[in-house]
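Student: I'd like to ask you about the structure that follows.
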Amino acid sequence: QLKFVQSGGGLVQPGGSLRLSCAASGGTLDSFAIGWFRRAPGKEREQISCITRGGETTTYADSVKGRFTIARDNAKNTVYLQMNSLKPNDTALYSCAAQLWGGCPLSRTHYWGQGTQVTVSS
């Protein structure tokens, strides 16, 4: 019953920044670990970040470590991904996903956002 609405994607120049939002409805996020995934055409989906239910632990893929930051605000029922120092190979469809009673990294996904396109180009 959980639904995610994503926002914040778009076109950005190399070196720029974007903040993605994943807002939940139909339930509260506090029972879910949340992950961010990305998929570029012709490539397999990559789990790039994850945050535990209370925000105690965050994880990052090596490809984004030091540049991306995940955060959650359970009072607002929203999870964020701050993306800095963006590179052309960050271009992908970005999606948030939730695992009920999960940990990080996510081992299963029970709900998905619709995805938002991020394009990094001059």
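The values are calculated or read from the model by the stated rules, or taken from the named source; none is laboratory data. Note that the structure is a prediction, hence the values are computed from the model and not measured. A quick note on method: Cβ atoms are made from the backbone with ideal geometry, for glycine too, and the neighbour counts reach across all protein chains shown. Surface accessibility is based on the protein's heavy atoms, side chains included, excluding ligands, DNA and RNA. Shrake-Rupley method; radii C 1.70, N 1.55, O 1.52, S 1.80 Å.
Student: With a 1.4 Å probe and every protein chain left in place, work out the accessible area per residue of the chain in Å², rounded to a whole number.
Tutor: 51
Student: Determine the gain in length on full extension of the stretch residue 101-residue 13; use 0.36 nm per residue of separation and subtract their C-alpha separation, reporting nm with one decimal.
Tutor: Taking 0.36 nm per residue and subtracting the Cα distance, the gain is 27.9 nm.
Student: Can you compute the modelled spin-label distance between residue 45 and residue 28, with each label point 7 Å from Cα toward Cβ, in nm?
Tutor: 2.8
Student: Can you give me the % of accessible surface on region 13-122 that is carbon or sulfur? Probe 1.4 Å, all protein chains present, nothing else counted.
Tutor: The C+S portion of the solvent-accessible surface of region 13-122 is 46 percent.
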